Amino acid sequence: MKRLMLTLGTSVLLPQAAAAHVGDHGVSDFISGVLHPVSGADHVLAMVAVGLWAAVSGGRALWALPLGFVAAMLVGGGLGALGLGLPGVEPMILASSVLLGVLAALAWRAPLAVGVAIVAGFGLFHGHAHGTEGPTSGVLAYAAGFGLATMGLHLGGVGLGVALNRLSVRALGAGTAVAGLALAFVQG
């Protein structure tokens with residue numbers, strides 16, 4: 001378990017170090033999009049938590065929760081790219097890392113429509129942040145990049161959730177929530 005926690009912690013911190021050198025240094029819009037979701041621990045925690053929650057929910061939630069998040073995230077990205085405001089983006093992103101972690105920790109099996117609505121709501125805010133902070137040209141390539149990276153993080157969470165026993169997955173969900181709270185205090 002210690003090795004798993006170390007690996008998970010490293011996977012949250014390393015992308016930030018790699019992305020520290022991203023900017024206008026010839027990085028393509030697609031690669032910039034791929035790097036954006038993994039450049040912040042708040043995004044990584046929430047997106048992995050979606051996968052964990054999907055795994056403990058099982059059934060159609062395995063694919064519906066990640067797809068619901070990504071679909072709404074792309075809509076939010078479009079809103080952000082168009083310059084349309086959305087109130088409380090950063091607080092909602094932080095809240096998502098805490099609440100999605102709690103849902104995974106509780107292994108709450110919400111009705112599918114409710115679960116998808118929850119993750120889609122949070123996905124909208126994550127996408128808005130990506131769209132607002134993205135390039136002014138090459139928006140479609142950028143969106144494809146952050147969409148694929150997000151799906152990869154979701155699948156990572158699902159993979160952990162399927163590979164580990166239920167108690168370990170719930171512990172990871174709780175750890176995600178605690179890490180999200182720590183980020184809220186650091187950023188607040």
Revision key, fill the gap. Listed residues 101, 83, 68; largest mean-square fluctuation, Gaussian network over the chain with Cα springs below 10 Å, found at 83
Exercise for review: Multiply the residue separation of residue 28 and residue 174 by 0.36 nm, subtract the distance between their alpha-carbon atoms, and state the gained length in nm to one decimal.
Suggested key: 48.9 nm
Revision key, fill the gap. Within the set 77, 59, 159, GNM on the chain using Cα springs under 10 Å gives the largest fluctuation to 59
Exercise for review: Go ahead and run the numbers for FRET between residue 148 and residue 110, Cβ-Cβ distance against an R0 of 35 Å, rounding to 0.05.
Suggested key: 0.85
Practice item. Starting with the fewest neighbours, write out 42, 29 ranked by other beta-carbon atoms found within 10 Å of each beta-carbon. Key: 29, 42
**Study point:** Cα-projected label distance for residue 86 with residue 137, points at 7 Å along beta-carbon direction, nm
**Key:** 2.6
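Each value in this text was obtained by applying a stated rule to the coordinates, not by laboratory testing. Owing to the predicted nature of the structure, the values given are computational and were not obtained by experimental measurement. Because the Cβ atoms are built from the backbone with ideal geometry, glycine has one as well, and the counts that use them run over all protein chains shown.
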